[in-house]
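The values are calculated or read from the model by the stated rules, or taken from the named source; none is laboratory data. Because the structure is predicted, anything quoted here is derived from the model rather than measured. Glycine gets a Cβ as well: all are built from the backbone with ideal geometry, and neighbour counts include every protein chain shown. Side chains included, ligands, DNA and RNA excluded: accessible areas come from the protein's heavy atoms. Shrake-Rupley method; radii C 1.70, N 1.55, O 1.52, S 1.80 Å.
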Amino acid sequence: MNDHPLIVYIGCTASGKSSAALAEAEKLGGEIISCDSMQFYKDLPIGTAQPTMEERARIPHHLVGTLELDQRMTVTDYCALAKKAVADVRSRGKVPILCGGTGLYVKSFICGMDDLPADVDLRKTLDEKYDSVSGEAALFEEMRRLDPLALEKWQNCRRKLIRALEVRLISGRSILSFQSGQSKRCFPCCVKLIERESDCLKERIRRRAKLMLQSGWIEEAEAAIAKGLLSTPTAHQALGYKIIAEYLNGSFDRDTLLDKLSTATWQYARRQRTWFRHQAPFPDEII
């Protein structure tokens, strides 16, 4: 069983990969290991589409709902946790099934990570200076001066920009110059990419957003924001919560909220689709 290939389901948000992975786990006697960077946070079950309690009762899920909002998660942390989870699942004679839409986590776990320079003390200083909403403008200005290409690539992800700045200050080189486009798998695996036509995916996204709102997403967001969600080091990136914050401030009505959430999710799904089509680690099957 330890030599059984790791099964990996990847795809855009709302594509149906979680349902496919669940069905595969039931058929093979497997357990699911999440590869979604936001499903770690236990205070965000609705907005991050975490598996339901009924689904978890059917099939064990790992790396879901384990962190507090103020806890940081990096790709290095994820790879260590996922490796431990795979070993745990296999030790009990079960088949590990990785499932999620965070492409960088999937690729780094399967193929290994680029050997980037790091300095713990410098990173702490940069985090304290830039890792907040109030520090973003200064971070953008520094990256515009030192590494404009990295800024263009990751302007929507503060954590990646801070890491890029760290690498630039240590090495004098852009983080992009270190990235090798890994080509070897560390884990024997079967990668299954779930794809949907654009119109179908848009409809699925809107239907899911509507259901999530009906299930209490607004109330969940209000409670998480009150606990400091929007100022957290990693969890603040969870999709949709900033839009709900605007709604709670009276910026627009509920119908407009649904429109904005659907549009933002579709835009995110398009970026995911582009990434998976061009950088996904060797899809063996496109479903």
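Checking the a/c ratio against 1.5 first, then a/b against b/c, what shape does the Cα gyration tensor give for segment 73-126? Don't skip to the end; give the middle numbers.
On the way: a/c = 2.82, a/b = 2.17, b/c = 1.30.
Since a/c reaches 1.5 and a/b is larger than b/c, the shape of segment 73-126 is classed as prolate.
Ordering Trp266, Trp275 by accessible area with a probe of 1.4 Å, largest first, what comes out?
Order by accessible area, largest first: Trp275, Trp266.
For the pair Ser91 and Thr274, what calculated FRET efficiency results from E = 1/(1 + (r/R0)^6), where r is the Cβ-Cβ distance and R0 = 45 Å, to the nearest 0.05?
Computed FRET efficiency for Thr274 and Ser91: 0.75.
So how strong a dipole does the chain carry about its Cα centre when Lys and Arg Cβ are +1 and Asp and Glu Cβ are -1, to the nearest 20 debye? Let's see the in-between values first.
Numbers: 42 positive and 38 negative charges, 128 e Å.
Computed charge dipole of the chain: roughly 620 debye.
Taking Lys153 as the anchor, which lysines have their alpha carbon closer than 19 Å to its alpha carbon, excluding any fewer than eight residues away along the same chain?
Excluding near neighbours in sequence, the set is Lys107.
Report the full-extension gain for the segment Glu219 to Thr74: residue separation times 0.36 nm, less the Cα-Cα distance, to one decimal in nm.
Additional length available on full extension: 49.4 nm.
Assuming a ≥ b ≥ c are the square roots of the Cα gyration tensor eigenvalues, decide whether segment 117-166 counts as rounded (a/c under 1.5), prolate (otherwise, with a/b larger than b/c) or oblate.
Values: a/c = 1.78, a/b = 1.24, b/c = 1.43.
Judged from the Cα gyration tensor, segment 117-166 comes out oblate (a/c at least 1.5, b/c at or above a/b).
Looking at Gln214, Gln267, Gln237, which one has the Cα that reaches farthest to the positive end of the dipole of the chain (charges on Cβ: Lys, Arg +1; Asp, Glu -1)?
In the chain, that residue is Gln267.
Could you point to the residue in Leu81, Cys111, Val64 farthest towards the positive end of the chain's charge dipole, with +1 and -1 charges on the Cβ of Lys/Arg and Asp/Glu respectively?
Cys111
Relative to the present Cα-Cα distance, how much length would full extension add between Leu146 and Ala226 at 0.36 nm per residue of separation?
Roughly 25.2 nm would be gained on extension.
Given a Förster distance of 25 angstrom, what is the FRET efficiency for Asp199 paired with Thr256, based on the Cβ-Cβ distance and rounded to 0.05?
My answer for the efficiency is 0.70.
How high is the FRET efficiency between Thr52 and Asp119 when r is their beta carbon distance and R₀ equals 30 Å, given to the nearest 0.05?
Once rounded, the FRET efficiency stands at 0.10.
Taking Rh as the Kirkwood radius computed over C-alpha pairs, what is the Stokes-Einstein D of segment 1-124 at 10 °C in a medium of viscosity 1.306 mPa s, expressed in µm² per second? Present the calculation step by step, with values, prior to reporting the outcome.
Values: Rh = 15.1 Å.
For these conditions, the coefficient is 105 µm²/s.
Measuring from centroid to centroid over Cα atoms, what is the spacing of segment 191-214 and segment 37-88 in Å?
21
Taking a probe of 1.4 angstrom, what is the accessible area of Met212 in Å², to the nearest 10?
That residue has around 20 Å² of solvent-accessible surface.
Decide, for segment 56-173, between rounded, prolate and oblate: order the square roots of the alpha carbon gyration tensor eigenvalues as a ≥ b ≥ c, take rounded if a/c falls under 1.5, and otherwise choose prolate if a/b is larger than b/c, else oblate.
It comes out prolate by the Cα gyration axes.
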